[in-house]
Amino acid sequence: MFKYISFAIVFFIFSNLFRAQNTKLENKEQYFLTQYKKYSENEDYDSKSDESLKFSGEFKKFIVENPETLTYDFKLLNKKLFIATSADKKLRFYGWDTELGGTMKSFDQIIQYSSNGKTKTIFNKDQADTAYFVSEIIKVSLNGQAYYLVISNGIFSSKDQAQMVQAFTISNNMLVDSEKIFKTKTTTLNKIQVNFDFFSVVDRPERPLKLIKFEKNKLYIPIVDKEGKVSDKFLLYQLNNNYFQYIGIQ
């Protein structure tokens with residue numbers, strides 16, 4: 001009887017701790033949603049800039065100081081920020097529009113990853129200024145090692161945009177982005193980027209756009225003509241034990 005009572009007490013304590021932790025994260029998420037709206041909807045550039053900088057600093061500090069956020073489901077912020085998480089919940093990219101760019105968008109980001117049971121972060125202490133944000137992370141296995149195909153998107157103007165796939169892996173407690181796992185006819189690459197005219201795909205319903213696809217162990221890279229128009233044909237890369245091998249056009 002004592003054993004069952006002890007178990008019930010331990011379960012009660014842990015369930016209360018879990019609820020308290022979740023409540024804390026939910027409250028902070030609501031706070032950051034309010035702060036995001038505050039600067040994104042502000043029409044005065046000077047105060048928008050200050051509020052945007054404040055959001056970036058506070059949000060990065062919060063993620064760094066709360067490693068449990070790696071597996072937390074940001075249901076509210078997911079509607080405003082770009083939060084991409086791997087299926088095994090070991091890698092996550094947070095990206096957001098600083099609202100300080102023009103037709104060339106300006107994004108900031110923080111990266112979280114798990115290695116040997118510890119959560120680590122990569123971020124720029126200052127507000128970043130990049131045209132790219134991550135929209136998807138696809139986990140694959142090569143030689144028994146987990147690799148992550150990170151799909152990022154660049155917005156350089158209302159017309160000129162790009163989508164890129166880059167290989168990441170976690171090795172020796174480090175997040176590595178230099179592994180060359182894409183094998184073309186002539187060389188090996190660690191990333192493949194497609195530059196395109198956004199107006200050629202503007203009628204597609206999904207946002208963010210999903211031009212690069214991974215289906216049935218094949219990576220599909222859209223073919224773009226010299227004017228930047230996205231065609232209905234793809235370069236195909238077949239996943240095998242060691243890399244993605246280019247196998248032709250479909």
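Checked against the criterion of being on the phi > 0 side of the Ramachandran plot, out of contact with any Pro (no Cβ under 6 Å at 6 or more places or on another chain) and not polar (S, T, N, Q), the range 102-117 has at least one qualifying residue. The number of residues in the range 195-224 that are assigned to a strand (DSSP E or B), touching a residue at least 40 places away in the same chain (Cβ under 8 Å) and of a type in the set (A, V, I, L, M) comes to 2.
Sort out which residues of the range 42-51 are part of a helix (DSSP H, G or I), surrounded by 16 or more Cβ atoms within 10 Å (Cβ to Cβ) and of a type outside the set (Lys, Arg), and write them in order of number.
49, 51
The residues in the range 225-250 that are open to solvent by 60 Å² or more (accessible area, probe 1.4 Å), in a loop (DSSP other than H, G, I, E, B) and either within 17 Å of residue 186 (Cβ to Cβ) or without any contact (Cβ under 8 Å) to a residue 12 or more places away in the chain (or both) can be counted, and the count is 3.
In this entry, residue 178 is excluded by the filter for residues that are of a type in the set (Gly, Ala, Ser), assigned to a strand (DSSP E or B) and either touching a helix residue (DSSP H, G or I) at 6+ places or on another chain (Cβ under 8 Å) or on the phi < 0 side of the Ramachandran plot (or both). Collect the residues in the range 142-161 that are closer than 20 Å to residue 94 by Cβ and of a type outside the set (Phe, Trp, Tyr), keeping them in residue-number order. Scanning the range 142-161 gives 149, 150, 151, 152, 153, 154, 155.
Taken over the range 119-151, the criterion of being under 24 Å from residue 49 (Cβ atoms) and open to solvent by 40 Å² or more (accessible area, probe 1.4 Å) is satisfied by 123, 124, 125, 126, 127, 129, 130, 132. Look at the range 48-63: where a residue is within 16 Å of residue 112 (Cα to Cα) and of a type in the set (Gly, Ala, Ser) and a partner is modelled with pLDDT under 95 and not in a helix (DSSP H, G or I), sitting 6+ places away or on another chain with Cβ atoms under 8 Å, you get 56/127; 56/128; 57/127.
Checked against (1) closer than 24 Å to residue 135 by Cα; (2) modelled with pLDDT under 95, residue 74 passes all but a single condition, namely (2).
The values are calculated or read from the model by the stated rules, or taken from the named source; none is laboratory data. Since the model is a prediction, treat every value here as computed from it, not as a measurement. We place every Cβ from the backbone using ideal geometry, glycine too, and count neighbours over all the protein chains shown. In case anyone asks, the SASA skips ligands and DNA or RNA and just uses the protein heavy atoms, side chains included. Shrake-Rupley method; radii C 1.70, N 1.55, O 1.52, S 1.80 Å.
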